[in-house]
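Notes for the one structure printed next.
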Amino acid sequence: MKNKLLKNKDIIMVLIVTFIWSLFISFASCNIYTHLSFDSSELLTWDYLFTTKLFPYGDYYYPYGFIYYLKSINIIFLLISTLIIPVSFTVIFIFLKKLWKSSLFSYISFAAYILFVFIFTGISTFGRYGIVLTTALSYALLLIKNKNLSKKAIFLIGIVNGIIFIFVYDQGLYSILVFIISLIISPLLRSDNHKFKKIKYFTSLVRNLLIFFTGVIIALIPFAIYLLSIGSLAGFISNFSTAGDIAKYAKTPFFHSIKTVDNIFTIIVMLFSILYITATIYFRKHKQNIQLFSIILIFVILLLLQQKNIIRSIDTQLTFYSFFLIIIFISQGFIILRKYTQSVSILVSLNILIYLSIFLGIGLKPQNNINFLPNNFSFQSIIYNLMNAKGESKECVNKNIKSILDSNKEYASILNILKSYNNFNGKIYSYPGDPIFYLLLNQSPPYYSAIYQASPLYAQVKLIKYIQDQEINYIVYNYKNLAIQDEVPNYLRATTLHSYILVNFSPKEKVDNYLILERNKKNDDFFKNKILDKVPVFKQSLLQVNLENIPKSEGYYKEKYLFSQGNTTLVTKDSLDALNSYLEKNFITTKNTFLVIIFKDLKQKKYGSITLQTKDKLTTDVRFVSCEEQTSCVFNLSRIPLFYKSRVLNNLSSDNNEAITNVGIWDVTDNSHLW
Amino acid sequence: MINRILKFYIVLLSFLIILNLIQPMLLIKGMIIISLLFIPILFGLLNKRLFIVLVKSISLWLLSIIALGIGFRALRELAQQPQIDANKIVGYVQYFGYPIYFDSLVFNFIFILFIIIILVAIRMNLSKLANEK
């Protein structure tokens, strides 16, 4: 036993040193957000929510898994989360020792790897994304050492994967997938083609998968019971089942952003991996080696993570996988080089210089704040937090609130004004999403703290219910924030919610970038409020609407739904003049009203526009991408801000009157398919 | 011979790194990247036949990528445009009419194409490569 410990003293040393480092970070880290961006607001809100009696998934939206919540309420989980980083680094170190078969080179590459993570990835990102690298390397080490894993070992791996899923569920899913792939490829790489027994392979694979998933499910049972006890089980399942919606509202073009150095670095390394894997599988007699196996697994992880990167850029979070692959390639290169040179000094110098070149030469983006220890690190805070059996989350939130109030005087002004109102019950709703107000008012925020995550209709309905249930009389409307993300106007991203707000609330006061909206006492009209004249750009943004591709796609895909039972054509004409004559004589309201226009010869013009005027002399312009020739352009008037409130149509005009071949107004009662 | 090349390479790389530390410049960074690329080239030269196969594969793949790049917009126009679903989600893709899974298809195709090209190139040169080995 003693000999074994002595033999592995470097491994033990790595575990102890990284554990102490991780302990410092966990117990003495308080991230002070200097600038309240969308991301930092969300992170700070979650930090705040963890200190309340509210539960993730049950009471508020939280996409990262339970460990970050549990570690803030229980010291055992804080210690478990503290273990993630040391365990990851230790597994990496063990792997590097196995890879290099030389202590000196494994130390150099391990030091280089720690530095890379520290400078380019950030320790908190590594603490999350590094989990699946750690599990992949563990699988590689296990499956290379034991050709056939015992049932007990597979069952235990299942349990571990179940626990990872509970704690950080996306990493848990990747880890499960990587283990399944390990089980599939391990016998294939090991086998001799002539002796390969397909039936034995498949029966063994199915049996192993069954044992593995039994382990996963058993690990999930206590978690399900816990979720049930805190009332978050339904929320967790619903959150998981609607995760696909994130891609629908978060997707942005990938190839526009592929030009970053981080992306190019990762893609080149992936291509090199393909070359290596293909050539090795073709030409090597002994394919079951730790290098090939780990390269395949890390390549699979990168491919999985790239699918996420294609939806929404996470390029800087992927480079530490690529760098690890480079270390494996270098180790392979050095095996060849050793045949030609025995000089250790040349090989060591070359090794160090290659790492330095990657660090300094290729232009990867370093982290903004590179600190070995947290900014406000002190031993007293560690001792204090250990004595109080918790991390310093509450104190940290308070420090942030103080810092935000000091640097943003308008928040205090808004709070003072709100408190001066008789109707103010201590609660507001922040639109489109400045959750800092909930923290300042010590208020339980809505399930979704910003409209970005609330893009789906069911989420908007939940927010409206929150405003109603909390009897909120005031809305703090950030009128400068016209598109919370991706240039999509807020009034289109969350139309149902926006419509509810503009119909039921009216501007009362303008403070800095915010309008304070008060619940209407009578049938007030948002667009006739005088305060709107103080914010002309905002008013213009609501009256000059850009629907971009929506009328075109609605016409292309959904024209057929106009003919559903219950929907009726109110009028159809072959020109706008004819329609205007009809409108003069008839009373057509905009409630449930769809405008359907067919154009001809619009190929030259990328955009079209129409102007709609109401009987009360309000006007709105609508811009849209030109529709296909002789295909309907479909406009749901109720989703245009001016028509959130039902108005009477008076006149329509277009910049392309002569191109209109047909224009119709529909009364649509069944709007389940149409936007 | 290899020892000499490596010593020269170490001196060159050290010089470039020091130069980059003193005065970070795009030109120096470019030279460092080229120097780094020299390493796989060196290994490739140790097995010339395999190296030629790889160069051919990579060239063919790059040509395919350029062709794909030129036709990217046209292909994107052909791809099915997104529609607003029952959950009424309006994000970037629905608003600007960007085909949601098009990027994923193209990206994965680029990798699959690379694998196919390498496999075909190796297959076609299998006997020569075996002799070289």
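The values are calculated or read from the model by the stated rules, or taken from the named source; none is laboratory data. These numbers come from a predicted model, not from an experiment. Using ideal geometry, Cβ is built from the backbone for each residue, glycine included, and neighbour counts are taken over all protein chains shown.
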>> Considering only the range A:585-602, I want to know if a residue exists there that is over 36 Å from the mean Cα position of the chain (by Cα), assigned to a helix (DSSP H, G or I) and more than 14 Å from chain B (Cβ to nearest Cβ).
In response: yes
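With the requirement that a residue be in a helix (DSSP H, G or I) and within 17 Å of B:P40 (Cβ to Cβ), what does the range A:334-346 give you?
A:F334, A:I335, A:I336, A:L337 - these are the residues of the range A:334-346 that are in a helix (DSSP H, G or I) and within 17 Å of B:P40 (Cβ to Cβ).
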> How many residues are surrounded by 15 or more Cβ atoms within 10 Å (Cβ to Cβ) and farther than 24 Å from B:F15 by Cβ if we restrict to the range A:330-350?
Replying inline: 2
> Right, B:V53: under 30 Å from A:Y491 (Cβ atoms), part of a helix (DSSP H, G or I), among the aliphatic types (A, V, I, L, M) and assigned by TED's automatic domain parsing to the domain that holds B:A121 or not?
Replying inline: no
>> Can you go through A:L562, A:L542, A:L547, A:L515 and tell me which one is farther than 25 Å from A:T593 by Cα and crowded, with 18+ Cβ neighbours inside 10 Å?
In response: A:L515
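If you check B:F72, B:F96, which single one turns out to be under 23 Å from A:N309 (Cα atoms), within 8 Å of chain A (Cβ to nearest Cβ) and either in contact (Cβ under 8 Å) with a residue 24 or more places away in the chain or touching a His at 6+ places or on another chain (Cβ under 6 Å) (or both)?
B:F72
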> Looking at the range A:50-64, is at least one residue aliphatic (A, V, I, L, M) and in a loop (DSSP other than H, G, I, E, B)?
Replying inline: yes
>> Quick test of your reading of the structure: A:S150 fulfils all but one of (1) out of contact with any Phe, Trp or Tyr (no Cβ under 9 Å at 6 or more places or on another chain); (2) buried (at least 16 other Cβ atoms within 10 Å of the Cβ); (3) small (G, A, S). Name the failing condition by number.
In response: (2)
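Pick from B:K7, B:K48: which is without any contact (Cβ under 8 Å) to a residue 12 or more places away in the chain and either among the basic types (K, R) or more than 7 Å from chain A (Cβ to nearest Cβ) (or both)?
B:K7
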>> So, in the range A:519-564, exactly how many residues are among the hydrophobic types (A, V, I, L, M, F, W, C) and within 14 Å of chain B (Cβ to nearest Cβ)?
In response: 3
> Exactly one of (1) within 14 Å of chain B (Cβ to nearest Cβ); (2) farther than 30 Å from A:A153 by Cβ is unmet by A:I237. Its number?
Replying inline: (1)
> Of all residues in the range A:654-664, which are part of a strand (DSSP E or B) and either modelled with pLDDT of 95 or more or surrounded by fewer than 22 Cβ atoms within 10 Å (Cβ to Cβ) (or both)?
Replying inline: A:S654, A:T661, A:N662, A:G664
> From the set of residues in the range B:17-34 that are more than 7 Å from chain A (Cβ to nearest Cβ) and closer than 21 Å to A:I326 by Cα, which is surrounded by the fewest Cβ atoms within 10 Å (Cβ to Cβ)?
Replying inline: B:I34
>> Out of everything in the range A:467-507 that is surrounded by fewer than 17 Cβ atoms within 10 Å (Cβ to Cβ) and away from chain B (no Cβ under 14 Å), what residue ends up being nearest to the chain's Cα centre (by Cα)?
In response: A:K480
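Conditions (1) in contact (Cβ under 8 Å) with a residue 60 or more places away in the chain; (2) in contact with a Leu (Cβ under 8 Å, 6 or more places away or on another chain); (3) within 10 Å of chain A (Cβ to nearest Cβ), marked per residue:
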site	(1), (2), (3)
B:L37	no, no, yes
B:A67	no, no, no
B:V90	no, yes, yes
B:L105	no, no, yes
B:F111	no, yes, yes
B:L119	no, no, yes
B:N125	yes, no, no
>> Step by step: first the residues of the range A:261-290, then only those that are at pLDDT below 90 and more than 13 Å from chain B (Cβ to nearest Cβ), then the one that is nearest to A:A136 (Cα to Cα). Which residue is that?
In response: A:I290
> Hey, among the residues in the range A:248-260 that are more than 7 Å from chain B (Cβ to nearest Cβ) and touching a helix residue (DSSP H, G or I) at 6+ places or on another chain (Cβ under 9 Å), which one's farthest from A:I358 (Cα to Cα)?
Replying inline: A:S257
> Among A:A243, A:A250, which is the only one that is buried (at least 17 other Cβ atoms within 10 Å of the Cβ) and within 21 Å of A:D170 (Cβ to Cβ)?
Replying inline: A:A250
> Of all the helices (runs of 4 or more DSSP H) wholly in the range A:153-272, which have at least 2 residues that are more than 25 Å from A:Y452 (Cβ to Cβ) and of a type in the set (D, E, K, R)?
Replying inline: A:198-229
> For A:I501, are the conditions met, namely being part of a helix (DSSP H, G or I), aliphatic (A, V, I, L, M) and over 21 Å from A:Q630 (Cα atoms)?
Replying inline: yes
> Can you name every residue in the range A:634-675 that is within 14 Å of chain B (Cβ to nearest Cβ) and among the aromatic types (F, W, Y)?
Replying inline: A:F635, A:W675
>> With the requirement that a residue be touching a residue at least 40 places away in the same chain (Cβ under 8 Å) and crowded, with 19+ Cβ neighbours inside 10 Å, what does the range A:253-277 give you?
In response: A:F254, A:D262, A:N263, A:F265, A:T266, A:V269, A:M270, A:S273, A:Y276
>> Filter the range B:86-100 down to the residues that are surrounded by 24 or more Cβ atoms within 10 Å (Cβ to Cβ) and among the polar types (S, T, N, Q) and list them by number.
In response: B:Q94
> What residue, of A:S26, A:S106, A:S72, is buried (at least 21 other Cβ atoms within 10 Å of the Cβ), free of Cβ contacts under 8 Å to residues at least 24 places away in the same chain and among the hydroxyl-bearing types (S, T, Y)?
Replying inline: A:S106
>> Could you tell me how many of the residues in the range A:459-489 are more than 21 Å from A:T252 (Cα to Cα) and either in a loop (DSSP other than H, G, I, E, B) or at pLDDT below 95 (or both)?
In response: 6
> Pick from A:K248, A:K308: which is in the same structural domain as A:S138 (by TED's automatic domain parsing) and touching a Gly at 6+ places or on another chain (Cβ under 8 Å)?
Replying inline: A:K248
>> Which numbered condition in (1) outside any helix (DSSP H, G or I); (2) loosely packed, with under 13 Cβ neighbours inside 10 Å is the only one that B:S59 fails?
In response: (1)
> From the list A:S257, A:S232, A:S186, A:S241, which one is modelled with pLDDT under 90, farther than 30 Å from A:D315 by Cα and in the same structural domain as A:N289 (by TED's automatic domain parsing)?
Replying inline: A:S232
>> For the range A:615-653, give me each residue that is part of a strand (DSSP E or B) and crowded, with 19+ Cβ neighbours inside 10 Å.
In response: A:T620, A:V622, A:F624, A:V625, A:S632, A:C633, A:V634, A:F635, A:N636, A:L649, A:L652
